[in-house]
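One structure below.
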Amino acid sequence: MKVLVLGASGFIGLPVALAYARAGHIVYGTARDAKTARKLAIHEIIPLVTPATAGHGFSVWGKIAAEVDVIIDTIRSSEADTPLAALRGVEEILSRGVASTRVTYIFTGGAWSHSRGNGGLDKWSSEQLPPTSDLEVAAWQRPVEEAVLSSTRVNGIVIRPGTLYGRSGSMLEPFLLAPAYDAAKAGREFDAVGLPDTRLLMVHQDDLADLFLRAGERGPLLAGSALVACNAQSERWTDILDAVVRVSGAKGYRMRAPSDKVPAEVAWASTTLLRPTLAHSLTGWTPRKPGLVDGIDMYWPSFHSGSPPRSSPLAG
């Protein structure tokens, strides 16, 4: 197959592009600049030096989009207009009629869409229930997901990852890894946003990439499907903090409640109770990487051995 990854150098996009390339597919990936393009080319991913968003970028990657089998949107966004514009641009240039010949279009959502908070069985959600979360960081994704899943021009699929871990750590960096790194260097405690009963749905970036690969290869069969990508068991935030204190050498942590004025903090401290089953049932996908706590002795060295960690905005 030919595959186009929008945002191919990102925390999700690069592992996804690599997974397709290693599976023998021809992979195109958007790159911000020449340096990023070289990074993709080294891995036999054909770089397109252009913005991954619509507008000027579409004049470049849109030509490729008309010829590929799978398009994957991994662009980080905080509003619906950007991903909707990319989808509409693709729909306008495509005229393939039947599902078996349509382009498969995969949008990257988030498991926070299912968050109902901690509690009993009334707080549990399911992949087959409509997203009901009132979190601000998830609300903008709903119109995009609805447009992707209901499209008659593409085989639309939505993948909703849990909190990602592995290597640079994604959102774990500002909320956990960078604060712990800074605190360990200074011989002090670090601030940790969250609640004592917060539980996180998590997935390693390599396991997530494997699901993107499986979904793309089964595009016509999965059209209209929304899959949650996370490990079978959630992890308790305090267990994660204790594990990071041990491996980092920080003196400990100070838990603080999220600020209602910072949507990312509110989402981070939220709990999503859900056990994913559709991805396994429909594609055979099973996460293989150890969870964050169990594998912390591998994941911590990987984090601070890469690029110099950025100082945490939460450091105190």
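None of the figures in this text is laboratory data; all of them are computed from the coordinates on show. Here the structure is a predicted model, which means the values were calculated and not measured. No Cβ is skipped: glycine too gets one built from the backbone with ideal geometry, and neighbour counts run over all protein chains shown.
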Excluding same-chain residues fewer than 8 positions from K185, which lysines have a Cα within less than 20 Å of its Cα? K251
Candidate lysines for bridging to K39, where Cα separation is under 26 Å - those fewer than 8 sequence places away on the same chain excluded: K2, K63, K289
Could you give the distance between the Cα centres of the range 185-223 and the range 1-52, to the whole Å? 20 Å
Max mean-square fluctuation residue, GNM over the chain, Cα-Cα springs under 10 Å, options A86, A147, A19: A147
Tell me the net charge near T74. Cut-off is 14 Å between Cβ atoms, T74 excluded, with +1 for each Lys or Arg and -1 for each Asp or Glu. +2
List the relative contact order of the chain as a percent without decimals, with contacts defined as Cα pairs under 8 Å and 6+ residues apart. 19 percent
A chain fully extended from V262 to A232 at 0.36 nm per residue, minus the present Cα-Cα distance, gains in nm 7.9 nm
Based on other C-beta atoms within 10 Å, arrange T272, T104 from fewest to most. T104, T272
Exposure proxy check on D73, D260, D81: fewest-to-most Cβ neighbours within 10 Å is D260, D81, D73
Anyone know which of I45, I26, I72 comes out most mobile in the 10 Å Cα GNM of the chain? I26
Please give the length that would be gained between E136 and S302 if that part of the chain were fully extended, namely 0.36 nm times their separation in residues minus their C-alpha to C-alpha distance (nm, one decimal). 56.6 nm
Residue-averaged 222 nm ellipticity for the chain, from DSSP H runs of 4+ at -39500 (n - 2.57), nearest 500: -10000 deg cm²/dmol
Label points 7 Å out from Cα along the Cβ direction at A186 and V60: separation in nm? 4.0 nm
Fluctuation leader among G119, G162, G57 - the chain, Gaussian network, Cα springs under 10 angstrom: G119
Once you put a point 7 Å from the Cα of L282 and another 7 Å from the Cα of D122, both along the Cβ direction, what distance in nm separates them? 3.0 nm
Can you put L121, L273 in order of Cβ neighbours within 10 angstrom, beginning with the fewest? L121, L273
Would you list which aspartates and glutamates come within 16 Å of K123, measuring only between C-alpha atoms, while excluding same-chain residues fewer than 8 positions from it? D134, D197
5 angstrom amide H check on L227, placed H, neighbours 5+ away: V158, I159, R160
Would you pull out the residues with amide H under 5 Å of N155's amide H, same chain only if 5 or more places away, H placed 1.01 Å from N? V103, T104, Y105
